[in-house]
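See below for the structure under consideration.
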Amino acid sequence: MNVRYQRSRHETVSSIMSRKLLTAAAEDALVDAAHRMAERRVGAILITREDRLVGILTERDIMRAVGQNRIDGTVGDWMTRDPITVDSHATHGEAAMMMIHGGFRHVPIVDDGKLVGVVSIRDLLLLPSSTPSGV
């Protein structure tokens, strides 16, 4: 069985990034953002102001709020401000190393100051398109 699990090291995040973005404003209620994330089955919501990325809210941020019994706050109370980003020409390896070394699972993609996508650690995994024999 010869199954390929490796992406080309020259492939860029533009080939796998999600362009159907879930966004919110910093003033939005934390509970509302959590509900929207659950409905879309995503682990992060991008926080924007006038089409500019200002933060990211993740499942971990929501768990911090729950752990402190403070779910009545706003997205801005719990989001990570000015998250690390890459542009759409970054390679998969660059995005993966950023996630590994930074300890996070989502990287917003920003070109010329404009939010254009997001990549999750799951997006970076390459799984075979067929089931191996014997499974």
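Laboratory data are not the source of any read-out in this text; all were calculated from the coordinates shown. Since we're looking at a predicted model, the values are computed, not measured. Don't worry about glycine lacking a Cβ; one is built from the backbone with ideal geometry, like all the others, and counts go over all protein chains shown.
How many residues does region 19-55 contain that are in a strand (DSSP E or B), more than 17 Å from the chain's Cα centre (by Cα) and either in contact (Cβ under 8 Å) with a residue 40 or more places away in the chain or crowded, with 17+ Cβ neighbours inside 10 Å (or both)?
Here the count works out to 1.
Please verify whether V110 is β-branched (V, I, T), in a strand (DSSP E or B), touching a Ser or Thr at 6+ places or on another chain (Cβ under 6 Å) and surrounded by 11 or more Cβ atoms within 10 Å (Cβ to Cβ), treating the condition exactly as stated.
yes
Specify the residue that is surrounded by the fewest Cβ atoms within 10 Å (Cβ to Cβ); the eligible residues are those in region 56-87 that are in contact with a helix residue (DSSP H, G or I) (Cβ under 8 Å, 6 or more places away or on another chain) and of a type in the set (D, E).
D72
So M63 ticks every box in (1) in a helix (DSSP H, G or I); (2) under 15 Å from the mean Cα position of the chain (by Cα) but one. Which box is left unticked?
Condition (2) is where M63 drops out.
Touching a helix residue (DSSP H, G or I) at 6+ places or on another chain (Cβ under 9 Å) and more than 30 Å from H10 (Cβ to Cβ): does that describe A90?
Spelling it out, it is not the case that A90 is touching a helix residue (DSSP H, G or I) at 6+ places or on another chain (Cβ under 9 Å) and more than 30 Å from H10 (Cβ to Cβ).
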